[in-house]
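One structure is given here, and the rest of the page talks about it.
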Amino acid sequence: MTALSPIIASFTKAGSILLLALVVCSLLLGLSGLLNLVRPEPFRTRGSSRLLLAVNILFLLGFGWIAWFHYEIHQHIALELPKSLAQWLNARLAASNQGAAYGLPLYDPAAPPRYNIPLWIENEKYYFWFMCYGLLAMVAVRKLTNHRFQGAVYLLLAVQVAILQFVANPFTAPLPRFLAEVAPWFGPLGIGQRLGLFMKLYPRMVFYYNASYMWLHPPLLFLSYACITLFFSTSVLMLFRRELAVEALGYDFAKLGYFMLTLGMLLGYPWALQAWGPNWWWDPKICSSIMMWAVFSTYLHTRLYANKRGMWYFSSVLGIVSFLAMIFTFIASFLFPGEHTFQ
């Protein structure tokens, strides 16, 4: 971990500067959004568009910085064992793989296993989620020039960046759980202790950090969360003013979010079998995700009858409930013990 210390320091210093710039721009954008929400006429729409572009550029720069940090982790952290233990270890791995549906790869002393960590774990998942929202917001405000809708979108983005700064900063103390998990590997350990720690770290590396599904399942869900947040803003506005353009845009994002959500959940199924076995079904996060999917499905069916009396407002309420179901599904990882807890 000593070799990684200056890298962590550089990552924290530059990342904190990027995030501070992001906070300033989003604060100005949120103020513009608030004024657009309460004023009958648009307020500085061109300046707000430029601020939104600046926010997204900063988001992408920060995301690239996170990618660099993960590359450095790959370069500097390897579960390396003495070559003399390779044959003994591989015999044990082969024995444990017998009868198992998914086995662990054998140890190659010439290429010890390294971490290929995706860019959306721990606090980084919030960063990716909110960045997706910011990028989709650019698409939304170009499609719909309604200043109150744009104001709601800007205000929500400012709230999300505030959460990054004060609650889920990915740059200060980066990846604390992961680094705490691997830190003992670099301490003074006997052969037996090192082998025991290897067998603790290696399965988690294979089935979680390095799992191919980690590059598909979570980002699809966070993309769907971003779509649902945009859809939520249109649903709230629909309760106060009946505008077909607002409803149509919300419906477009709802369909995209539903597709991403469904695909992400389906891709999580084989990963759950591989990582957890047959008992994955009753994980609280999975149960709440199915609940959210059912609520979302109800909205999409209800929307088919939006022209009928009272259905306009009912579908709007269902859109808000879909957003609340998404929030509950996300925080279920922190409220209830299960396989998804704190991951």
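The values are calculated or read from the model by the stated rules, or taken from the named source; none is laboratory data. Quantities reported herein were computed from a predicted structural model and do not represent experimental measurements. No Cβ is skipped: glycine too gets one built from the backbone with ideal geometry, and neighbour counts run over all protein chains shown. All accessible areas refer to the heavy atoms of the entire protein, side chains included, with ligands and DNA or RNA removed. Shrake-Rupley method; radii C 1.70, N 1.55, O 1.52, S 1.80 Å.
Please compute the net charge surrounding K308, taking Lys and Arg as +1 and Asp and Glu as -1 over other residues with Cβ under 15 Å from its Cβ. Net of charged neighbours comes to +2. Label-to-label distance, H76 versus R39, with points set 7 angstrom from Cα along the beta-carbon direction: 4.8 nm.
Take the alpha carbon gyration tensor of the stretch 32-160, find the square roots of its eigenvalues, order them as a ≥ b ≥ c, and report rounded if a/c is under 1.5; if not, report prolate when a/b exceeds b/c, else oblate. The shape class here is prolate. The label point for K143 and the one for L27, both projected 7 Å from the Cα toward the Cβ, are 3.2 nm apart. Residue pairs exceeding 30 angstrom between C-alpha atoms, taken from K255/K285; K13/K125; K255/K308; K125/K255; K143/K285; K200/K255: K143/K285; K200/K255.
Counting only Cα atoms, I'd like the Rg/Rh figure for the chain, Kirkwood definition for Rh. Before the final figure, lay out the partial values.
Values: Rg = 23.1 Å, Rh = 22.2 Å.
Ratio value, two decimals: 1.04.
Between the helical axis of 45-76 and the longest alpha-carbon principal axis of the chain there is an angle of about 10 degrees. P(r) of the stretch 17-93 in 10 Å steps, Cα pairs, percent per bin? Taking every Cα pair in the stretch 17-93, the percentages come to 16, 26, 18, 13, 11, 9, 7, 1. Across V38, V236, V206, mean-square fluctuation computed from a Gaussian network of the chain (C-alpha pairs under 10 Å connected) peaks at V38. When the residues I7, I57 are ordered by accessible surface, computed with a 1.4 Å probe over the protein chains alone, the sequence from largest down reads I57, I7. Measure nothing but the geometry: give the 0 to 90° angle between the long axis through the Cα atoms of 86-97 and the longest principal axis through the Cα atoms of the chain, rounded to 10°. That helix lies at roughly 60 degrees to the long axis.
In this simple spin-label model, placing a label point 7 Å from the Cα along the Cα-to-Cβ direction at both N90 and R46 gives a separation of 6.8 nm.
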